[in-house]
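Report on the following structure.
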Amino acid sequence: MNQGLILKFENLVQLCGACRQLCTRSYRKVYRAQWKPVQSAAHPVWSILQFSQKDRLTSIASLQCRPLATKEETKKKNKKIPQTKGEVEIRQKMTIEELARAMGKDIDHIYEALLYTDIDLDSLEPDSILYEDLIKLIVKKSGMKYKSAKLKEEKERENTDAVKRPPADSAVLTPRPPVVTILGHVDHGKTTLLDSLRKTQVASMEAGGITQHIGAFLVHLPSGEKITFLDTPGHAAFSAMRARGTHVTDIVILVVAAEDGVMQQTIESIQHAKNAGVPLILAINKCDKPEADPERVKKELLAHDVVCEEFGGDVQAVNISALKGENLTVLAEATVALAEMLELKADPTGLVEGTVIESRKDKGKGPVTTAIVQRGTLRKGCVLVAGKTWAKVRFMFDENGKAVDAASPGIPVEIMGWKEVPSAGDEILEVESEQRAHEVVAWRTYVEQQERMKKDVEVIEAKQKEHRVEYEKKQQKLAHLTWRQKKAVLYKANKHLMLSRPKERTEMDKNVLSVIVKGDVDGSVEAILNILDSYDADDECKLDIIHFGMGDISETDISLAEAFNGVVFGFSVKANESIKQLAAKKGIKIKLHSIIYKLIEDLKDELNSRLPPSVVEDTIGEASVLNIFSVTMGKNKIPVAGCRVHKGLLDRKMKFKLIRKGDVIWKGSLSSLKHHKDDVQVIKTGMDCGLSLDKHIDFNIGDEVICYEEKAVQQTTSWDPGF
């Protein structure tokens with residue numbers, strides 16, 4: 001054989017080896033096995049060739065081209081892949097990733113094993129949980145055996161939650177101020193009443209004169225008595241706040257306007273008081289107005305089991321004028337008298353117990369809560385727990401913003417020092433130390449996680465059951481096919497599942513309104529979310545709340561709105577100039593409101609703008625077919641109708657429809673419109689004409705020809721928020 005040809009062949013072999021090594025180092029052993037030299041008498045030169053030379057050349061080639069490996073890559077390469085010798089150790093619940101690792105396979109192998117089952121592959125992720133029956137099926141399909149892992153006896157986690165102290169001894173109890181909640185319908189004068197009692201201008205500070213969240217105030221009466229008042233919103237949106245107000249109260253003052261009588265929120269307020277078992281005092285307001293009728297109010301309340309003293313009941317009724325300050329002393333005395341009958345006392349010693357009335361995130365103070373102390377005396381440095389957050393009290397303020405050093409039972413106080421904003425209505429408990437606070441929060445977080453996991457398992461099981469039913473239906477349809485035919489059909493149907501994985505949504509549906517809700521306090525956000533929970537028009541436009549929280553509009557809110565093509569709604573919050581400019585640059589709408597019903601109206605307008613316009617037919621003219629004849633054009637006979645216009649006009653540029661005995665049998669355009677053999681564009685009322693259609697339709701005498709125009713009309717959502 002030619003020596004030069006042999007050398008070229010050797011070089012070609014070496015080049016192939018180098019390329020293979022550059023593709024994958026793990027392929028080298030296979031390469032050596034394939035190209036191992038064999039003794040041959042026919043080719044003595046090839047048999048002399050030593051593989052070590054080729055190996056050395058290929059190694060040099062790979063070293064010259066291979067990039068330097070990082071420490072992480074080196075660790076991964078050096079890490080030994082666990083080889084499963086036909087037996088897999090399984091547990092009752094395993095993630096896809098854990099099962100793949102236990103089997104010594106990659107995740108795609110698990111997906112392939114699940115391909116012909118009733119599992120929805122689109123919903124699976126590497127951290128998705130598989131249950132024992134499915135795990136066994138996958139292992140079996142992979143030609144392996146399984147064995148159950150030894151269960152470790154998990155110790156039951158010790159309950160480290162904080163709880164209330166046992167009831168105090170009556171010897172240590174001392175009198176405390178009554179907590180009085182003012183309830184009633186919107187704009188019946190609740191805030192004006194409290195304003196008159198405090199001699200301040202609270203009502204003038206409220207947006208639109210409507211209370212937007214709970215205010216807690218301590219009022220000093222001329223007699224020296226103290227009363228803690230909670231002023232709750234009367235607007236329909238704030239039902240949860242009113243319920244929370246009655247939960248911590250001793251007495252309810254029900255304010256009813258003398259000229260309006262019993263209204264929707266009046267009835268709801270009565271129900272809240274009954275549910276809480278709290279006594280009522282009736283304050284009939286606006287008695288100074290000419291149209292006032294206090295007796296009618298008392299009679300209307302009888303239908304709701306509120307019986308005044310003059311009718312033989314136990315409810316005190318006081319006619320007042322909050323605006324003019326009339327009879328307010330009588331109302332205060334009635335409240336104090338009822339409080340004395342209730343003998344309200346509390347324990348001012350020991351660990352503090354209380355309730356969060358309202359919470360918010362203040363720009364300068366951080367998370368702040370308005371709370372009422374119910375037991376113990378709150379001081380600076382106390383460590384408190386509420387919900388899943390805690391606080392070391394840094395500062396306390398009264399309702400006027402004045403710093404206070406201590407707060408005894410029945411006193412409302414604003415607390416600074418919270419790590420996170422607690423929810424309104426959360427129970428406040430004092431604990432011994434910060435370490436103890438961490439333990440309590442950790443336990444409550446753990447309990448919440450366990451409950452969430454339990455709910456997730458229920459949802460997963462329901463979904464699996466649903467897929468099982470679908471799977472069985474599919475199997476029944478394929479029952480007549482052979483095993484190979486079934487496999488072919490299923491593979492063809494599910495092929496796309498192996499090629500695709502769940503991807504991020506890149507294109508937003510036009511019929512979806514994504515909203516971000518920001519409020520000044522927790523209760524405001526809660527009220528807005530409660531309204532949005534009543535949304536029931538998903539078939540028209542889906543409402544998606546992607547984020548909610550407290551505080552001013554931030555850059556994060558704008559970025560989130562941009563990602564979801566959403567709108568930012570702010571209630572009693574601000575957006576600084578830089579945020580507004582950023583939103584304008586990214587095309588994000590920021591809607592700021594200080595009155596809740598205006599915010600909801602604005603949100604409804606946004607929903608309406610997402611709805612597709614509906615097409616409405618606007619009738620322009622009507623004509624009756626009086627005669628029928630045909631015109632020959634070439635080889636075709638075209639039916640022509642002799643008509644008379646009896647309403648409006650016929651315009652050839654518009655659309656037409658033919659109606660026979662009340663049914664529409666044709667819609668389209670005219671091919672001709674004539675008047676006395678002349679082509680015309682318009683035929684007016686009372687005129688005769690001949691017309692033909694753009695489609696071969698036979699006319700009948702008595703048919704109606706309608707000329708109409710299609711107009712796009714903006715739809716409005718059918719959702720009614722209830723106010």
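The values are calculated or read from the model by the stated rules, or taken from the named source; none is laboratory data. Bear in mind the structure is a predicted one, so any value in this text is a computation, not a measurement. Heads up, the Cβs are rebuilt from the backbone with ideal geometry, glycines too, and the neighbour counts pull from every protein chain shown. SASA here: full protein model, heavy atoms, side chains in, ligands and nucleic acids out. Shrake-Rupley method; radii C 1.70, N 1.55, O 1.52, S 1.80 Å.
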Next on the checklist: So LEU626 passes all but one of these: (1) under 26 Å from ILE706 (Cα atoms); (2) of a type in the set (A, V, I, L, M); (3) assigned to a helix (DSSP H, G or I). Which condition number does it fail?
Outcome noted: (3)
Checklist entry - If you take just the strands (runs of 3 or more DSSP E) that sit entirely in region 124-219, which of them hold at least 2 residues that are at pLDDT below 85 and buried (at least 19 other Cβ atoms within 10 Å of the Cβ)? => result 179-184
Checklist entry - Within region 574-629, which residues are among the β-branched types (Val, Ile, Thr) and either surrounded by fewer than 15 Cβ atoms within 10 Å (Cβ to Cβ) or in contact (Cβ under 8 Å) with a residue 60 or more places away in the chain (or both)? => result ILE595, ILE596, ILE600, VAL615, VAL616, THR619, ILE620, VAL625, ILE628
Checklist entry - Within region 384-399, can one find any residue that is out of contact with any His (no Cβ under 9 Å at 6 or more places or on another chain), part of a loop (DSSP other than H, G, I, E, B) and over 28 Å from ARG176 (Cα atoms)? => result yes
Next on the checklist: Regarding region 277-288, can at least one residue be identified that is buried (at least 20 other Cβ atoms within 10 Å of the Cβ), more than 30 Å from LEU384 (Cα to Cα), without any contact (Cβ under 8 Å) to a residue 24 or more places away in the chain and not assigned by the TED database to the domain that holds ARG375?
Outcome noted: no
Item to check | Members of region 318-338 that are assigned to a strand (DSSP E or B), open to solvent by less than 40 Å² (accessible area, probe 1.4 Å) and not hydroxyl-bearing (Ser, Thr, Tyr) | outcome: VAL318
Item to check | Top-ranked residue of region 402-457 - restricted to ones that are in contact with a strand residue (DSSP E or B) (Cβ under 8 Å, 6 or more places away or on another chain), of a type outside the set (D, E, K, R) and exposed (fewer than 12 other Cβ atoms within 10 Å of the Cβ), ranked as modelled with the highest pLDDT | outcome: SER433
Checklist entry - Picking from VAL356, VAL393, which residue would you name as being open to solvent by less than 10 Å² (accessible area, probe 1.4 Å) and under 27 Å from ILE251 (Cα atoms)? => result VAL356
Checklist entry - Taking VAL440, is it of a type in the set (A, V, I, L, M, F, W, C) and touching a residue at least 12 places away in the same chain (Cβ under 8 Å)? => result yes
Next on the checklist: Looking at the structure I just gave you, is ARG644 under 58 Å from the mean Cα position of the chain (by Cα) and either under 29 Å from ASN530 (Cα atoms) or not aliphatic (A, V, I, L, M) (or both)?
Outcome noted: no
Item to check | Flag if ASP651 is over 30 Å from GLY551 (Cα atoms), open to solvent by 60 Å² or more (accessible area, probe 1.4 Å) and at pLDDT 90 or above | outcome: no
